[in-house]
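Trainee: Right, I'll just put the structure down here and ask away after.
The values are calculated or read from the model by the stated rules, or taken from the named source; none is laboratory data. Note that the structure is predicted; figures quoted are calculated from it, not measured. With ideal geometry, Cβ positions are generated from the backbone for all residues, glycine too; neighbour counts draw on all protein chains shown.
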Amino acid sequence: MKPDIVLPISTPEGDFWARYTENGLAGIDFPGRRRAVRSHSTPALPKRVKQWHLQATQALKSVLSGRPFKSLPPLDWTEATPFQQKVWRVMLSIPMGKTLAYGGVASRIGNPSACRAVGSACGANPIPVLVPCHRILAGNGGLGGFSGGLQWKRRLLEREKVSFRE
DNA sequence: TCCAATATTATGC
DNA sequence: GCATAATATTGGA
């Protein structure tokens, strides 16, 4: 497998990092986290990667400003397990401003008692914000957790006018 | 193959 | 309300 391509996305909230493979968008990192390795020596950038990056940038900025994104680049989930793909697909289907409980997601994938596993799958989500893992709340209305830091989850939810318990 | 960990939830006190 | 068990999935020993 060829080395991944990492490109910065500048937003009012800071510089995110987008990671691409030959299949599509593979991951997003929050500003300062820099989990992915930066490649400042960008070789010839494939045309489609540029196009993906453009879409990803617009989508990210839209979400950060509280608006739904128009389009999304193809997502590379080839390394994910089938269960994780199911969970993330459910998350993508959650409309802006709506939330779902971990157990609710579990029900929608036909495994109501897999709420715990759903939490794990959310934590394993490599593409936060775009795959709206922040719209998953606990059953009692509390925030669950968030891989990139709960502060981001709070900020995103407030931006979507979602109320939650603390 | 088994064991421990996890961004939960339901139950009993 | 708080402590405890149960549940599905995953990753490492």
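Trainee: State the number of residues belonging to the stretch A:80-110 that are closer than 23 Å to A:HIS53 by Cα, within 16 Å of DNA strand C (Cβ to nearest atom) and in contact (Cβ under 8 Å) with a residue 40 or more places away in the chain.
Mentor: Counting residues in the stretch A:80-110 that are closer than 23 Å to A:HIS53 by Cα, within 16 Å of DNA strand C (Cβ to nearest atom) and in contact (Cβ under 8 Å) with a residue 40 or more places away in the chain gives 3.
Trainee: Determine whether the stretch A:64-79 contains at least one residue that is assigned to a loop (DSSP other than H, G, I, E, B), among the acidic types (Asp, Glu), surrounded by 14 or more Cβ atoms within 10 Å (Cβ to Cβ) and out of contact with any Asp or Glu (no Cβ under 7 Å at 6 or more places or on another chain).
Mentor: Looking for residues that are assigned to a loop (DSSP other than H, G, I, E, B), among the acidic types (Asp, Glu), surrounded by 14 or more Cβ atoms within 10 Å (Cβ to Cβ) and out of contact with any Asp or Glu (no Cβ under 7 Å at 6 or more places or on another chain), one finds at least one in the stretch A:64-79, hence yes.
Trainee: Working only within the stretch A:61-89, note down all residues that are of a type outside the set (Ser, Thr, Tyr), out of contact with any helix residue (DSSP H, G or I) (no Cβ under 6 Å at 6 or more places or on another chain) and away from DNA strand B (no atom under 16 Å from the Cβ).
Mentor: A:LYS61, A:LEU64, A:ARG67, A:PRO68, A:LYS70, A:PRO74, A:ASP76, A:GLU79, A:PRO82
Trainee: Additional query: From the list A:LEU100, A:LEU92, pick out the single residue that is within 16 Å of DNA strand B (Cβ to nearest atom), crowded, with 18+ Cβ neighbours inside 10 Å and in the same structural domain as A:PRO128 (by TED's automatic domain parsing).
Mentor: None of the others qualify; the one that does is A:LEU100.
Trainee: Just to be sure, is A:ALA117 within 15 Å of DNA strand B (Cβ to nearest atom) and assigned to a helix (DSSP H, G or I)?
Mentor: In short, yes.
Trainee: Could you list all residues from the stretch A:1-23 that are part of a loop (DSSP other than H, G, I, E, B) and hydrophobic (A, V, I, L, M, F, W, C)?
Mentor: A:MET1, the sole residue that qualifies.
Trainee: Quick check on A:GLY139: is it within 11 Å of DNA strand B (Cβ to nearest atom), in a helix (DSSP H, G or I) and either assigned by TED's automatic domain parsing to the domain that holds A:ARG154 or touching a residue at least 60 places away in the same chain (Cβ under 8 Å) (or both)?
Mentor: No: the conditions fail for A:GLY139.
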